[in-house]
Amino acid sequence: MTTIQHWINGSATQGAATATQPVFNPATGAEQAQVVLGAAADVDAAVQAASAAFETWSESSLTQRTQVMFAFRQLLLDHEEELGRIISAEHGKTVDDARGEITRGGEVVEFACGLGDVLKGSFSDQVSRGVDVHNFRQPLGVVAGITPFNFPAMVPLWMHPIAIATGNTFILKPSERDPSAANFVAGLYQKAGLPDGVFNVVHGGKDAVDAILTHPGIEAVSFVGSTPIAKYVHEQATSHGKRVQALGGAKNHAVVLPDADLEFAANHITAGAYGSAGERCMAVSVAVAVGDAADALVAVLERKAREVKVGPGDRPGTEMGPLVTKAAQERVENAVTTAHAEGATVVVDGRGLKIDDPAYADGFFTGPSLLDHVTTEMEAYREELFGPVLAIVRAESLDEAIDLINANPYGNGTALFTASGEAARRFQRKIKVGMIGINVPVPVPMSYYSFGGWKDSLIGDSPIHGPEGLRFYTRPKVVTTRWPQPAQQLTAGFNFPTSN
Ligand code: NAD
């Protein structure tokens, strides 16, 4: 059986790790590899390699860094199918969906390719007689990324291209549930000409994370994952003097007004709820049906939920794969049971779904579930289920829907389906959520905007990638310059310097 190793200083290594953990194929339920679980010594080895590499990489020219990014982007495109299959085999999502995350992550590489332009500083001529001011930004040093299982390529790609292109060196601690994509990306960087030690991968769980959060050689930590861990990471890393960006969980609402095209809305909400088996931080998990929209919307959603093609992620035509682990499958199916017990109507019941092939009898499958008459007190509303369960909550008006969403502790994404520009404008101005779609169910921003929610979906103050990524991975310097002429008579004043 394969053992997935760390990637430190340009090669795979077992490191100091003695413990390993199984990696499953979620479609068959079979263990297919072991991944090493890193300890403090492995993180330290990665920091040593990254610190040494920083000395030269931070001195490399913008042209050299840009060339590496262009080459890396091309390699990502060339290997999209291969990487997509690696992701599908460990995560369970369809190969096409995995290719989609590589494409969206690749857009951040494109942003990083244009760094020469966006990293330009500014210059003020003659702020005082004979005095000019300019500013520029410099890299931080060794930075780390800790990432979740649900986007093993895209979420790390939100981080490392910008960190590396700005001159930092990077340590990735990917999810232990689908670790192979990280090593594959490390190989692509090497082929692209990135010097060894600039991009490193340390596998593992809490021990590896704790070593990152406390290591004095790491300047900044980017985290994406569940809210409790985001809070922990933010607290630990800031108390150890690091810059932190920490993105957490979500409960995303799609509001449907009676004037919306219900067929269109239901189509998009179905894809947003059940795509990737609901294991997306931007998945639609609650549909808020306003007024007269409710009964008709539920009828269309029911039809569409029953049409979703569930199967192994590498079977052509599959729209929804299995969940990532047996535990996730049990958690999601128990949540449907609890919803029923709490009084919700189970319109479509995904529990106990079996695939028509004995090879997948032990896979972690569950079908799409649709719950109606869900109230805000029920577990299915309060908890992030992170599975293919869509809850329908009914509201009398748009304002009631807005109040409901604003009272929810999460604020990652939300969508409004309507034909009214006035309603859309009111919604986007009043809603306390970071990413908003108007007739767009999964409004993931393009790479040249930044990604991040509000409230418990983002701990601290830094969204990720785009302009915020650039700011996060660099520190500003402001230089005030005077070049006196040799004959110039200048007296140095003892008062605080002002312009003249
Ligand atoms: P997770 O929080 O369990 O794990 C994320 C990372 O933290 C992993 O690398 C994991 O090894 C590490 N980790 C787990 N437990 C830890 C502990 N006790 N101490 C230290 N480190 C620990 O998240 P997940 O299950 O991998 O991913 C799903 C979650 O991520 C969902 O809540 C989802 O909403 C969220 N997510 C958010 C975004 C976003 O942009 N806001 C994007 C993707 C996923």
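General remarks:
- At an R0 of 22 angstrom, the distance between the Cβ atoms of M446 and R425 translates into a FRET efficiency of 0.55.
- Overall shape: oblate for the chain, with the ratio a/c of the largest to smallest alpha carbon gyration tensor axis at 1.5 or above and b/c at least equal to a/b.
- Those residues of region 353-375 whose amide nitrogen sits under 19 Å from the label point placed on R315, 7 Å along Cα→Cβ: 353-369
- Segment T63-Q32, length gained on full extension (0.36 nm per residue, minus Cα span): 7.0 nm
- Remark: the T56-V133 segment gains 24.9 nm on full extension, using 0.36 nm per residue and subtracting the alpha carbon distance.
- Cα convex hull of region 252-438 - mean projected area over all directions, nm²: 10.0
- Förster radius 60 Å - calculated FRET efficiency between H340 and A487 (Cβ-Cβ, nearest 0.05): 0.10
- Accessible surface of the chain, 1.4 Å probe: 52 percent of it comes from carbon and sulfur atoms.
- Phi-based couplings in Hz for region 364-377 (Karplus 6.51, -1.76, 1.60; Gly and Pro marked x): 8, 8, 9, x, x, 10, 10, 10, 10, 6, 7, 10, 5, 7
- Inter-centroid distance (Cα atoms) of region 225-246 relative to region 406-481, Å: 20
- The Kirkwood hydrodynamic radius of region 1-57, based on inverse pair distances between different Cα atoms, is 12.7 Å.
- Candidate aspartates and glutamates - alpha carbon under 16 Å from K354, same-chain residues fewer than 8 apart omitted: E307, E319, E330, E333, D362
- DSSP-defined antiparallel bridges as percent of all bridges, the chain, nearest 5: 40
- Protection-proxy order for peptides 284-290, 217-223, 351-357, 66-72, each taking the mean of Cβ atoms within 10 Å per residue, highest first: 284-290, 217-223, 66-72, 351-357
- Amide H to amide H distances under 5 Å link N439 with L416, F417, T418, where only residues 5 or more positions off or on other chains count and H is placed in the peptide plane.
- Estimated purely from DSSP H runs of n ≥ 4, each contributing -39500 (n - 2.57), the mean residue ellipticity at 222 nm for the chain is -12000 deg cm²/dmol once divided by its residues.
- Protection proxy ranking, highest mean first, for peptides 152-161, 366-375, 427-436: 152-161, 366-375, 427-436, where packing is the per-residue count of other beta-carbon atoms within 10 Å, averaged.
- Rolling a 1.4 angstrom probe over the protein heavy atoms with all chains in place gives the chain an accessible area of 41 Å² per residue.
- Cα-based shape type of region 59-157, given that a ≥ b ≥ c are square roots of the gyration tensor eigenvalues and the cut on a/c is 1.5: prolate
- For the pair Q126 and R306, a Förster radius of 56 Å applied to the C-beta separation gives a FRET efficiency near 0.20, rounded to the nearest 0.05.
- Full extension of the chain between F496 and A299 yields a length gain of 63.7 nm, computed as 0.36 nm times the residue separation minus the alpha carbon distance.
The values are calculated or read from the model by the stated rules, or taken from the named source; none is laboratory data. Keep in mind the model is a prediction, meaning the values are calculated, not measured. Positions of Cβ are generated from backbone atoms using ideal geometry, with glycine treated the same way; all protein chains shown enter the neighbour counts. Just so you know, the surface numbers come from the protein's heavy atoms only, side chains and all, with ligands and any DNA or RNA stripped out. Shrake-Rupley method; radii C 1.70, N 1.55, O 1.52, S 1.80 Å.
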